[in-house]
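J.: So that we are looking at the same thing, I have put the structure below in structure tokens.
Each reported figure results from applying straightforward, stated rules to the coordinates on display, with no laboratory input. Being a predicted model, the structure only gives us computed values, none of them experimental. Neighbour counts run over all protein chains shown; Cβ positions are idealised from the backbone, glycine included.
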Amino acid sequence: MLLPSSVLLTLSVPEIADPLLDEGAEVVAVKLVDEPEKSGVEGIERAVIVADELGAELVVVPVEAGSAAETLSSLDEAFNLIVAYSKRVALEPARDALPKAVEFMRGFLGGVFKLSISPSYGSTTEEVLAMSLTHFGQLAAVKLAGFTREGKVTRVSGARGLNAFAVIKKLVERGYDSYFVLDYEAKGLVLPPEAVRSDCDLLAQYIRSLLEKV
């Protein structure tokens with residue numbers, strides 16, 4: 001579930017969570033849409049509480065190079081509350097913010113902070129695999145979306161862009177047991193629900209076939 005700071009800071013936790021609970025929605029992760037610099041420590045802490053209300057396992061926090069110091073400082077301040085609610089926070093760093101994010105994570109024990117690897121324009125299959133394998137033990141999620149030469153997001157079922165099947169195959173064979181995420185809408189590709197469901201089903205079938213061979 002994507003949560004902008006305008007929602008986090010203006011609505012109460014019940015106002016955010018109750019409509020989803022009433023619909024019986026299953027929420028795996030809560031992601032801050034804006035960089036935490038806009039909502040600060042309060043935004044991170046409220047996202048953790050919303051995640052707890054929804055039974056979500058993860059809180060995903062983007063980390064951009066230009067504001068990494070502020071974001072990581074806010075996470076440091078929110079650490080005790082994160083632990084109190086037994087949540088894991090997946091840092092989702094931009095390519096040039098990855099070293100700072102990894103260095104920050106090494107300062108904490110207990111596996112509270114994890115990584116979400118998210119491809120961006122210019123990312124290759126080899127690069128996504130290299131990042132994922134280098135930080136394999138810290139992975140909580142790997143986003144799957146490709147890009148055209150013009151920078152437009154493409155579906156994983158298409159012939160262009162990231163080879164999602166190669167990424168999945170390598171990580172499953174390595175023993176990866178966390179989340180793969182189709183990250184279309186967050187990157188600007190809005191599709192009918194049936195199209196996204198079709199791609200999810202395709203990847204799920206592929207994962208099942210791989211697991212049968214492992």
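J.: Given the C-alpha centroids of the stretch 37-95 and the stretch 163-207, what is the distance between them in whole angstrom?
T.: 24 Å
J.: Around LEU3, with a cut-off of 10 angstrom between Cβ atoms, what is the net charge of the other residues, counting Lys and Arg +1 and Asp and Glu -1?
T.: +1
J.: Please list, in order, the residues from the stretch 185-214 whose amide nitrogen is less than 20 Å from a point placed 7 Å along the Cα→Cβ vector of LYS169.
T.: Flagged as within label range: 199-214.
J.: Tell me, rounded to the nearest percent, the portion of alpha carbon pairs in the chain spaced more than 25 Å apart.
T.: For the chain, the fraction of Cα-Cα distances above 25 Å is 39 percent.
J.: Most fluctuating residue of GLU42, GLU150, GLU126 in a GNM of the chain with Cα springs under 10 Å: which is it?
T.: GLU150
J.: Quick query: amide H of LEU162 versus all other amide H atoms, modeled in the peptide plane; which residues come in under 5 Å with a sequence gap of 5 or more or a different chain?
T.: GLY146, PHE147
J.: Of LEU3, ALA195, PHE113, which is farthest on the positive side of the dipole of the chain, counting Cα position, with +1 on Lys and Arg Cβ, -1 on Asp and Glu Cβ, and the Cα centre as origin?
T.: The one lying farthest along the dipole's positive direction is ALA195.
J.: Work out the length of the dipole vector of the stretch 1-62 about its Cα centre, built from +1 on the beta-carbon of each Lys and Arg and -1 on the beta-carbon of each Asp and Glu, and round it to the nearest 20 debye.
T.: Details: 3 positive and 13 negative charges, 39 e Å.
Magnitude of the dipole: close to 180 debye.
J.: What are the residues whose amide H is under 5 Å from the amide H of ARG88, where those residues sit 5 or more places off or on another chain and H is modelled from the backbone?
T.: VAL59
J.: If you add up the charges near ALA195, with Lys and Arg at +1 and Asp and Glu at -1, over every other residue whose beta carbon is less than 14 angstrom from its beta carbon, what do you get?
T.: So the surrounding residues net to -2.
J.: Turning to a different aspect of this structure: Within the chain, what's the longest run with no chymotrypsin sites (Phe, Trp or Tyr not before Pro) in a DSSP loop and at most 16 other beta-carbon atoms within 10 Å? Give the range, please.
T.: Between exposed loop sites, the widest span is 122-214.
J.: Taking the Cβ of GLY161 as the center, what net charge do the other residues with Cβ under 10 Å away carry, scoring Lys and Arg +1 and Asp and Glu -1?
T.: +4
J.: Anyone know which of THR154, THR134, THR124 comes out most mobile in the 10 Å Cα GNM of the chain?
T.: Highest fluctuation of the listed residues: THR134.
J.: Further question: Using a 7 Å offset from the Cα along the Cα-to-Cβ direction at both LEU211 and ALA94, what is the distance between the two label points in nm, to one decimal?
T.: 3.6 nm
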